[in-house]
């Protein structure tokens, strides 16, 4: 773990798009620090810059200005290949639409990142079994994603994100496609995993359930931080 | 690689209908390539056989300089020993000695210049097809005054079976004229102008007597056990019989124009292969791009979770390879079935003149192992190379753009 325990540190991060000759300022001068083990929600109305900001934090997009440090490393100094490897080893992604690979079975989806990492087969299988137990999918390893409910698919996505033991989990509206009960169950599960493993969770969301369960809520408005509320 | 291969294979079957359509289209292209190659081989063999079996032979032995000058004095050296050697030669199936000289054939109605060919009736019957081409009468039976001529020559001279004709030739030594009366014992028709209008066949001994060259032979026509031996420059035959002032030559040397025609046929095959390769290329590009654009989001996700651009490129190339393998399987089966059927039935082009040769037999497409190695390998190579383009496009994508809404 980094000495100062900061997983994410952004300084004056801005992103401007050029759309038909018009400059669109999606993110403006954001300074934000996320510490290890946080369970934080980035909230805001549509178009407030949440998604752009998370894309920049994860290295999926580059800022027009400013600096992003992840686990102490400056993302702008990395090559494309280094960024890929860095994301693989340090960030777990949970998407709104689950985005599992439909032709791979549950077990194969979950072990995919470990395969990229070169984790030995037996170790992979042990960890897959363990994480599927943790997310309540024991016995479903051989199923295809299309044979699972939305909630089950999102559990697989959570298992995939966490199994390689990344420092940071980025979750983009993870409950948006789920009914409220399933969403609440999943959030409780993620909160438990956060407490159990110490992994950092960062959500982008509109969902009040997530806001209620988050220990910190960062509100964006017009690409800027409008509020940063910490709860104990 | 194993995991990407598994993923590629399964991805190919995500849209079964599209994969089947593309594979069938590519497979038909491959089958057409295999069939065309087999047909061209069959056609070439038929052309070669039609050319060589009527009279030429697959190879000939002459005295050095004879082919160019047609000088009747240039008879084959040590011909008796050579004939004995040919009888023992394992590569030789048939051979026939001949004398040849220009002469005049006269009937009560007309006169025509001809090539007087003295033949050993029994050996010639097995080597060339004069007896098969007879329309009237019989093949030479060894009677000294029998003469067989072509149908057009018979028309010109206005003679038929049993009619008398007079052959006049110059003797080899001294040039004195020698005349003999013959009876027309047979009339053949090949449909080949040179043979039907300008040749008169008589027994070898009679021709030798007229020319004043007892035991003299101008030409020995040879047929091998294997048709392609005549095209094999490494065959020991050429060295064995190109010595002591004699020379042996195969049909490609005897008929260079035919060799050129066949080379042109090979070139046509390459053009056809290129056209079919174009079909294959567009089939694969279309399928891969459709599949790729449908899955841009998915590629974005794969990249987001840590797959390197090279991994995505590898995946797409392997998908192209998988598509190629399926297509090759289908195409090879289709090609085998179609070609084997036609090779059994034969294609009837008889009576048609092709590149100056009268086709005399059914054309049978020829299956070769190489057709199922070379062309499928081409298709697989093409598939992989063509797959590189969408692979490069996908590898260069911006992750956030690919995912649109993205994270």
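Could you please find all residues in segment A:57-82 being free of Cβ contacts under 8 Å to residues at least 60 places away in the same chain, in a helix (DSSP H, G or I) and at the interface with chain B (Cβ under 9 Å from one of its Cβ atoms)?
Of the residues in segment A:57-82, the ones free of Cβ contacts under 8 Å to residues at least 60 places away in the same chain are A:59-67, A:73-82.
Imposing the further condition that a residue be in a helix (DSSP H, G or I) reduces the set to A:75-77, A:80-82.
Residues satisfying the conditions are A:80, A:81.
In summary, residue B:101 fulfils each of the numbered conditions (1) part of a strand (DSSP E or B); (2) surrounded by fewer than 20 Cβ atoms within 10 Å (Cβ to Cβ) with the single exception of condition (2). Taken residue by residue, segment B:386-406 has at least one member that is at pLDDT below 90, crowded, with 22+ Cβ neighbours inside 10 Å and more than 30 Å from residue A:113 (Cβ to Cβ). Residue A:152 meets the conditions (1) within 14 Å of another protein chain (Cβ to nearest Cβ); (2) modelled with pLDDT of 90 or more; (3) in a helix (DSSP H, G or I) in every case but one. The failed one is (1). Every condition in (1) within 14 Å of chain B (Cβ to nearest Cβ); (2) part of a loop (DSSP other than H, G, I, E, B); (3) in contact with a helix residue (DSSP H, G or I) (Cβ under 7 Å, 6 or more places away or on another chain) holds for residue A:176 except the one numbered (3).
Considering each residue of segment A:83-104, count those that are assigned to a helix (DSSP H, G or I) and out of contact with any helix residue (DSSP H, G or I) (no Cβ under 6 Å at 6 or more places or on another chain), and give that number. Write out each step before concluding.
First, pick out the residues of segment A:83-104 that are assigned to a helix (DSSP H, G or I): A:83-90.
Add one more test, that the residue is out of contact with any helix residue (DSSP H, G or I) (no Cβ under 6 Å at 6 or more places or on another chain), and what stays is A:83-87, A:89-90.
Residues flagged as assigned to a helix (DSSP H, G or I) and out of contact with any helix residue (DSSP H, G or I) (no Cβ under 6 Å at 6 or more places or on another chain) within segment A:83-104 amount to 7.
In segment A:47-56, of all residues being part of a loop (DSSP other than H, G, I, E, B) and within 13 Å of chain B (Cβ to nearest Cβ), the one that is farthest from residue A:167 (Cα to Cα) corresponds to A:47. A Cβ distance below 8 Å, combined with a sequence gap of six or more or placement on separate chains, defines the contacts here; from segment A:213-232, residues that are assigned to a helix (DSSP H, G or I) reach residues that are surrounded by 14 or more Cβ atoms within 10 Å (Cβ to Cβ) in the pairs A:213/A:39; A:213/A:187; A:213/A:191. Segment B:122-208 holds strands (runs of 3 or more DSSP E) entirely within its bounds, and those carrying 1 or more residues that are closer than 28 Å to residue B:353 by Cα and in contact with a strand residue (DSSP E or B) (Cβ under 7 Å, 6 or more places away or on another chain) map to B:134-137, B:146-150, B:177-188, B:199-203. Among the residues making up segment A:83-106, none is crowded, with 22+ Cβ neighbours inside 10 Å, farther than 23 Å from residue B:296 by Cβ and at the interface with another protein chain (Cβ under 9 Å from one of its Cβ atoms). Would it be correct to say that residue A:112 is closer than 23 Å to residue B:10 by Cα, under 17 Å from the mean Cα position of the chain (by Cα) and facing another protein chain (nearest Cβ under 9 Å)? It is true that residue A:112 is closer than 23 Å to residue B:10 by Cα, under 17 Å from the mean Cα position of the chain (by Cα) and facing another protein chain (nearest Cβ under 9 Å). Determine, yes or no, whether residue A:132 is in contact with a helix residue (DSSP H, G or I) (Cβ under 8 Å, 6 or more places away or on another chain), assigned to a helix (DSSP H, G or I) and more than 10 Å from chain B (Cβ to nearest Cβ). Yes. Here the helices (runs of 4 or more DSSP H) wholly within segment B:238-354 that include at least 3 residues being over 30 Å from residue B:397 (Cβ atoms) are B:251-254, B:256-294, B:309-345. Within segment B:286-320, being under 45 Å from the mean Cα position of the chain (by Cα) and crowded, with 16+ Cβ neighbours inside 10 Å holds for B:287, B:288, B:291, B:292, B:313, B:314, B:315, B:316, B:317, B:318, B:319, B:320.
The values are calculated or read from the model by the stated rules, or taken from the named source; none is laboratory data. All of these numbers come straight from a predicted model, not from anything done at the bench. Cβ sites come from the backbone with ideal geometry, for glycine too, and all protein chains shown count toward neighbours.
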